[in-house]
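Each value in this text was obtained by applying a stated rule to the coordinates, not by laboratory testing. Just so you know, these numbers come straight off a predicted model, no measurement behind them. No Cβ is skipped: glycine too gets one built from the backbone with ideal geometry, and neighbour counts run over all protein chains shown.
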Amino acid sequence: MGSATRESEMRGVSFEPDESYYIGEKKEHPDLAIEINISSDSVKKLEKYQRFQIQEVWLWQDNRFEFYALENNEYQQIFQSILLPELNLKLLEDCVLKPSKLEAIKTFSQGIKA
C-alpha cells in the first residue's frame, strides 16, 4: 500500500505510515505498518495504529528496528515477526544500514542462502 493516509471519522484518527502492506488478501486496513522515525518518538503513534487494528508495527529509530504486535488490543514488543515468522529481522536491519541498495540486496541474498 505504500504510504497511503488512512482515516476514520468513527475512530477519530488518521495515520500515514511510511510503508504498509497486506499479508495475503486485501482488507480494509493493512496488516503491517512501518514507521521511519527521524525526530519524534514513534512509540506514541502506536495508539493510532491500535485504533485501526494493525496487526504489526515496525518502528525504525536510532538505526534499529523495534517490532510490535497487537495482542489483546494492546501492542507488545516482539522479537520475531508473527506475520513473517521466517524473516530474519537482524539480517533485515543489517541490510537497511548498508550504504547502497546493491550492497543491501547482495547481503540479503547471501543471508537467506545461508
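The aspartates and glutamates whose alpha-carbon is closer than 14 Å to the alpha-carbon of Lys90, local same-chain residues fewer than 8 away aside, are Glu66.
With a threshold of 31 Å on the Cα-Cα distance, the over-threshold entries among Lys27/Lys106; Lys45/Lys113; Lys45/Lys98; Lys44/Lys113; Lys26/Lys48; Lys45/Lys101 are Lys27/Lys106; Lys45/Lys113; Lys44/Lys113.
In the neighborhood of Leu91, defined by Cβ-to-Cβ distances under 15 Å, what is the net charge if each Lys or Arg adds +1 and each Asp or Glu adds -1? Its environment carries a net charge of +1. Each residue in Asp31, Asp62, Asp94 was given a count of other beta-carbon atoms within 10 angstrom of its own, and listing them fewest first yields Asp62, Asp94, Asp31.
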